[in-house]
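Read through the structure below, which is laid out as structure tokens, and then see the notes.
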């Protein structure tokens with residue numbers, strides 16, 4: 001599949017010029033972060049909760065405690081939507097009306113199911129950890145049976161999706177261009193600061209490569 | 001009011017130790033950003049869309065085109081919820097199970113209404129702009145009647161809310177502390193880069209103080 005089919009649910013109505021249904025472009029947005037806003041209906045009201053996720057092909061993995069209200073509500077509802085957004089700049093125009101932000105956002109829709117099978121659950125947890133920080137999984141203490149049993153893993157299949165991207169400069173009215181008003185972009189991004197070791201670590205323990213790699217790629 | 005009352009809707013079930021209903025703490029989370037995930041029910045499904053907002057006391061202001069599907073759906077539903085989250089760190093534990101993130105998030109619930117009255121609408125738009133970048137409003141070209149009429153402003157009253165904050169270090173199992181595994185925090189934050197002037201600005205135009213102030217406070 002190259003593009004998600006459009007339906008009443010995912011078709012972008014406003015600002016269609018910024019919309020995309022391209023699978024690869026949407027995957028790129030999903031892989032640039034690991035926090036999604038998962039939405040579900042609770043007693044007739046829409047609630048959205050931020051959750052960490054992992055992605056493998058058209059599957060999104062969420063996990064939590066076996067008693068997690070949201071995950072249990074999702075499983076009951078049998079479907080969910082998730083929105084991921086990256087804020088890239090404030091767009092400072094000459095008029096208030098044309099102020100905007102540059103961003104990349106994707107909203108996904110599809111069915112959810114609980115993962116029961118052991119190998120599948122392990123693979124989902126690995127995918128999840130790898131998505132947050134590549135290489136971390138190999139360095140940590142192996143999961144024990146109790147931890148494994150206490151963890152609920154939910155698989156969400158991306159059935160349809162839409163993304164919106166604004167990545168251009170200021171768009172002002174022609175007659176405003178000459179006004180003595182500063183206009184331009186204030187670029188924004190999420191950055192990492194130098195890792196802070198846990199107080200109980202031996203003083204001489206080196207920071208492993210996967211952590212320094214993450215820091216260097218995000219500082 | 002010092003604290004939001006707890007109901008089935010906003011009571012935090014999991015991780016209560018990290019929950020707060022304190023009005024000032026929740027306002028601090030809201031004022032640390034300007035993008036909220038607004039959730040509503042569309043044809044029985046929950047959808048969440050990122051939107052810029054302004055806050056004044058217990059009011060949240062959203063705006064968009066008069067034809068904005070989400071704002072119109074909100075007005076029809078007469079109520080909404082909004083979630084704001086700031087990601088502060090990856091919490092890298094010795095076991096996969098105890099990996100976490102440090103964050104501040106708030107979820108708000110309440111009624112919405114359209115603002116019709118001119119002075120109220122102007123005040124809401126000023127509040128909105130001021131929330132995104134203090135001082136910007138005074139520097140821009142005044143809004144004309146057509147722009148004013150084409151803008152839909154929605155007022156959301158925070159009736160109840162809950163926040164969750166995790167701001168501590170790694171919490172590992174006692175028996176894992178001595179393992180030769182690096183553990184600690186990878187701090188994350190949203191930062192600004194140096195402002196990029198619009199291509200049509202005169203070359204010698206200075207960057208105004210409110211923009212440099214923003215950059216210096218967020219770089």
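Since every read-out is calculated from the coordinates, none of them should be taken as a lab result. Values in this document were obtained by computation on a predicted structure and should not be read as measured data. Glycine also receives a Cβ, built like all others from the backbone with ideal geometry; neighbour counts cover every protein chain displayed.
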Restricted to Cα positions, what overall size does segment A:16-188 have along the principal axes? Three whole-Å values, descending. 68, 42, 26
A:21, B:53 arranged by Cβ crowding within 10 Å, fewest neighbours leading: A:21, B:53
Given contacts defined as C-alpha pairs under 8 Å and at least six residues apart, what's the relative contact order of segment A:16-188, whole-number percent? 31 percent
What ratio of Cα Rg to 2.2 N^0.38 Å holds for segment A:20-87? 1.16
Segment B:36-92-segment A:123-153 distance, computed between alpha-carbon centres (Å): 32 Å
May I ask you to list the residues of segment B:1-43 whose amide nitrogen lies under 18 Å from a point 7 Å from Cα along the Cα→beta-carbon direction of residue A:67? B:8-20
Label model pair residue B:123, residue B:147: point-to-point distance (7 angstrom along the Cα→beta-carbon line) in nm is 2.2 nm
Residues B:156, B:148 arranged by fewest to most Cβ contacts within 10 Å: B:148, B:156
Ignoring everything except DSSP H segments at least 4 long, calculate the 222 nm mean residue ellipticity for chain B; use -39,500 (n - 2.57) per segment, divide by total residues, nearest 500. -7000 deg cm²/dmol
Convex hull over the alpha-carbon atoms of segment B:93-175: what's its volume per residue in Å³? 160 Å³
In bins 10 Å wide, starting from 0, what share of all Cα pairs of the protein assembly as shown does each bin hold, as a percent? 4, 20, 30, 27, 14, 4, 1
Pick out which of B:111, B:187, B:202 has the largest mean-square fluctuation in a Gaussian network model of chain B, springs linking Cα atoms closer than 10 Å. B:202
Determine, for B:149, B:130, the number of other Cβ atoms within 10 Å of each Cβ, and report the residues in order from fewest to most. B:149, B:130
